[in-house]
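Okay, so here's the structure we're looking at.
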């Protein structure tokens, strides 16, 4: 996804809502009861992917590391949207729900204290999109060599993102 497309989703609520409606109509997105075991399963899958990335980084399989970073992030986001009762069969539908339910714009003073640890911000969303784009490059291009520093940076961003989302999930569970 291009940054322009992400910004359109962030800045145009009507467009975002129309995309979400479209995904519901196509049965790509659905509402379901919150199932704690399913949330835990996606968290475990995210953590498993991070271990995969760490192991493959040592082996030099950088293209697979990029894939692993993205899928670790994707599974943690699937867990997060499940806390609001959403199930998704599409990366874009997942991103739309992530924006609708967790990206905050017009916040008040009290909300500012929570931003860093409890809400998804623009940088988190751009990381999620960036990792998907890099995963597509690693999967579909014929290039085999990737910059190890870039991959390590992506791995660290994935770790930070996953830790942040796990805290959001814990907070949501404590409120219920």
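So here's what we get for this one:
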| quantity | calculated |
| --- | --- |
| Verdict on residue 38 being surrounded by 13 or more Cβ atoms within 10 Å (Cβ to Cβ) and within 21 Å of residue 162 (Cα to Cα) | yes |
| Wholly within segment 1-90, helices (runs of 4 or more DSSP H) carrying at least 2 residues that are under 13 Å from residue 155 (Cβ atoms) and in contact (Cβ under 8 Å) with a residue 60 or more places away in the chain | 36-59, 62-82 |
| Of all residues making up segment 78-102, the number that are under 19 Å from residue 175 (Cβ atoms) and within 12 Å of the chain's Cα centre (by Cα) | 6 |
| Some residue of segment 128-136 being at pLDDT 90 or above, under 18 Å from residue 157 (Cβ atoms) and under 12 Å from the mean Cα position of the chain (by Cα) | no |
| Candidate set from segment 55-73 (those that are surrounded by fewer than 23 Cβ atoms within 10 Å (Cβ to Cβ) and touching a helix residue (DSSP H, G or I) at 6+ places or on another chain (Cβ under 7 Å)); member that is nearest to residue 161 (Cα to Cα) | 71 |
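Every residue, every condition in (1) closer than 28 Å to residue 17 by Cβ; (2) out of contact with any strand residue (DSSP E or B) (no Cβ under 6 Å at 6 or more places or on another chain); (3) outside any helix (DSSP H, G or I); (4) at pLDDT 80 or above, yes or no:
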| site | (1), (2), (3), (4) |
| --- | --- |
| 107 | yes, yes, yes, no |
| 117 | yes, yes, no, no |
| 144 | no, yes, yes, no |
| 153 | no, yes, no, yes |
| 156 | no, yes, no, yes |
| 169 | yes, yes, no, yes |
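The values are calculated or read from the model by the stated rules, or taken from the named source; none is laboratory data. Since this is a predicted model, take the numbers as computed values, not measurements. Here the Cβ is made from the backbone with ideal geometry for all residues, glycine too, and neighbour counts use every protein chain on show.
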